[in-house]
Amino acid sequence: MKKTRRNGIVIMFRLFGLLGNLSLFMVLAILNGLLGNLMAFAVPTLGALAVVKALGEDIILSYGAIIAILVSCGVLRGILRYLEQYSNHFIAFKILAILRDRVFKALRRLGPAKVEEKEKGGLLSLVTSDIETLEVFYAHTLSPIAIAILFSLVVFLLVGFLSSFVLALVALLGYLLVGILLPVLSSKLLKDVGVDYRKEFASFGSYFLDSIKGIREVLLYGKGQERGKENDRRTDSLLSQTRRLKDRTAFFMLTTEFVVTLVFSLAVMVSFFLVQEGLPLPRAVLGMVMILSSFGPVLAIANLPANLTQTFASGDRLLDLVDEKGEIEDVIDGKDFAFDSLRVENLVFSYEDGKKILDGDFFHVEKGEIVGIKGESGEGKSTLLKLLLGFVKKEEGQIEYSGIPIEEINTKSLRDNVTMVSQTTYLFNGTIEDNLRIARQDSTPEEMIQALEEASLSDFVKEREKGLRTSVGEMGRLLSAGERQRLGLARAFLRKAPLVLLDEPTSNVDGINEGIILSSILKKKKDHAFLLVSHRSSTLAICDRVYVLKDGRMMEETKE
């Protein structure tokens, strides 16, 4: 079922609500913009006053005063324009940080289970391209709309009182056509095109990122030409969407210029008629000049729909993520605990299609124990660990830490007491020190070296010229598989969580590294508890107890 996009007005108000304390700067931007446009408007208006004075109209200002005010307005226009842009861009740069913070908070709230389902290229596009598009909304959209409305009202009154309210109504008609009707029509026509363009852009980014990350496999299996053709196809598709967007945007820009010309022509004809009906010629000239000089802010709105379609599409994608509910909400008003045991009874979990993956599982882990869970791929071992970490919600049964149900435990306390090393340790593109600080930001170099020693990796670091500042490369490519796993283990030890979940920690390493990793675990057994998930019998040999998971049921393996 195709998702219905939010209404543009709803998106705009939601985005405006994100400003928070920055609203004051938006007011300053609008005020400076309004005054600045009035200064620009005053320049031709004062020139018209000089002409009107020359035509014999009684103007109290002398020519010298008119020139002095005109020059002052020009200077003030520059100053006010600077202040307007400064305020707008101050908001824009601040909002970039706020929006990205919102995105990362949403991702943390959703948790790994939901984030893993999302296209990484789409997420990358969201935190870069989409948010940068929204930056334009805050810097060049919100204040111009408010400025145009206020400016048009002021000009309407000025034209009415200084010239004729009939001419003022002509100006108002032009403002409504150019500033409201055409943008609304343009937005409707560009709406689907803008959404399609953003989707195509995100899809292209995801595919290209996937190709780069999988370049080794692409070359290994001779799929370079095939991926290249698909990349070209997607590029052409994106180009086609870009052309559609540009063509429709150009059409409406041309239409807007045509309507403005018609309004100018109407103003001239109405002025001529009013002069025939008795309106003094100087006042008619002043009115026409004011109208001809007043469409700048309104034209700024008329040119917004092309950007607004992109803004609304990007804003909709952002709000989708921000509004998405996590499978499990963080617990902040529950209980804290100190780990001494884990007990699982009658645990039941099913996939969304209703297929049961865990059906009545039970086991327990005490501090100072290494407990193994054995099972083939697809039996639900990794799902079980996600349940223990609180990433997904169980259907039935109990998960208790130190006698406290997991639902009643504060999420922070759970993270402090339980950590995990996965079968493929993810390393960030930085140094060994950077990757260790992920576990505990305030750890000292001595503590890091100690954790590396406990993971049997300290010799590797000491042999490197830069020591802890040795780069691991993107995704740890400068380290071997065994070194990556041991660094992940050191990270877990540095965290000092008493319960360590190990998800196939030796599946991607050779026998030598398996022995090193298992030896490191045994040395830490006294102060920790380990839940070791693996399908390798050699890995599970160090366990005090082993449970076998098969067909959704768990049974303790009897020792021969």
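The values are calculated or read from the model by the stated rules, or taken from the named source; none is laboratory data. These numbers were taken from a predicted model, which means no experiment stands behind them. Every residue, glycine among them, receives a Cβ derived from its backbone with ideal geometry; neighbour counts consider all protein chains shown. In case anyone asks, the SASA skips ligands and DNA or RNA and just uses the protein heavy atoms, side chains included. Shrake-Rupley method; radii C 1.70, N 1.55, O 1.52, S 1.80 Å.
Take peptides 463-469, 125-131 and line them up by average Cβ neighbours within 10 Å, highest first, as a rough protection proxy.
Going from most to least packed, we get 125-131, 463-469.
Relative to the Cα centre, what is the charge dipole magnitude of the chain, using +1 at the beta carbon of each Lys and Arg, -1 at the beta carbon of each Asp and Glu, and rounding to the nearest 20 debye?
1300 debye
Per residue, what accessible area does the chain have, given a 1.4 Å probe and all protein chains present, in Å²?
51 Å²
Take every Cα pair under 8 Å in the chain that's 6+ residues apart, average their separations, divide by the length, and report that relative contact order as a whole percent.
15 percent
If you place +1 on the Cβ of every Lys and Arg, -1 on the Cβ of every Asp and Glu, and leave all else neutral, what size is the dipole of segment 167-272 about its Cα centre, to the nearest 20 Debye?
Using only the charged Cβ atoms, the result is roughly 240 debye.
Roughly to the nearest percent, how much of the accessible area of the chain is carbon and sulfur, given a 1.4 Å probe?
Looking at the chain in its full context, I get 60 percent from C and S.
Treating the angle as unsigned and between 0 and 90°, give the value, to the nearest 10°, between the Cα long axis of helix 63-115 and the longest Cα principal axis of the chain.
So the helix axis and the longest Cα principal axis differ by about 20 degrees.
In the structure displayed, which of 199/229; 496/525; 356/550; 374/524; 213/394 lie more than 23 Å apart, Cα to Cα?
With Cα atoms farther than 23 Å apart: 213/394.
Which length gain, in nm to one decimal place, applies between residue 459 and residue 208 when the Cα-Cα distance is subtracted from 0.36 nm times their residue separation?
Contour length minus Cα-Cα distance gives 86.5 nm.
Obtain the nm distance between the two label points defined at residue 189 and residue 348 by a simple spin-label model: each point lies 7 Å from its Cα along the Cα-to-C-beta direction.
5.9 nm
Would you check the accessible area of residue 362, probe 1.4 Å, heavy atoms only, in square angstrom rounded to 10?
The value for residue 362 is about 90 Å².
Using a 1.4 Å probe and counting only protein heavy atoms, arrange 554, 288 so the residue with the most accessible area comes first.
Result, largest first: 288, 554.
Through the Karplus equation 6.51 cos²θ - 1.76 cosθ + 1.60, θ set to phi - 60°, convert the phi angles of segment 221-233 into ³J(HN,Hα) values in whole Hz; use x for Gly and Pro.
Result, rounded to whole Hz: 9, x, 9, x, 5, 5, 5, x, 5, 5, 5, 5, 4.
Could you work out how far helix 281-292 tilts from the main Cα principal axis of the chain, as a 0 to 90 degree angle to the nearest 10?
Helix 281-292 and the main axis of the chain meet at about 10 degrees.
Express in whole angstrom the spacing between the alpha-carbon centres of segment 1-51 and segment 217-247.
39 Å
Under the rule a/c < 1.5 gives rounded, and otherwise a/b versus b/c splits prolate from oblate, where does segment 197-271 land using the Cα gyration tensor?
prolate
For segment 345-440, run through the GluC sites (Glu not before Pro) and keep only the ones in DSSP coil with at most 16 other Cβ atoms within 10 Å of their Cβ.
Hits after loop and neighbour filter: 352, 376, 395.
Using alpha carbon centroids, what distance separates segment 332-382 and segment 145-180, in Å?
69 Å
Nearest 10 degrees, 0 to 90: what angle lies between the long axis of helix 511-523 and the longest principal axis of the chain (Cα atoms)?
90 degrees
Would you list 314, 237, 377 from the most to the least accessible area, probe 1.4 Å?
Output order, biggest surface exposure first: 377, 237, 314.
Sorted by average packing, counted as other Cβ atoms within 10 angstrom per residue and highest first, what order do 169-180, 273-284 take?
Averaged packing, sorted descending, gives the order 169-180, 273-284.
Among 261, 443, 422, which residue has its Cα positioned farthest towards the positive end of the charge dipole of the chain, with +1 placed on the Cβ of Lys and Arg, -1 on the Cβ of Asp and Glu, and the dipole taken about the Cα centre?
It is 261.
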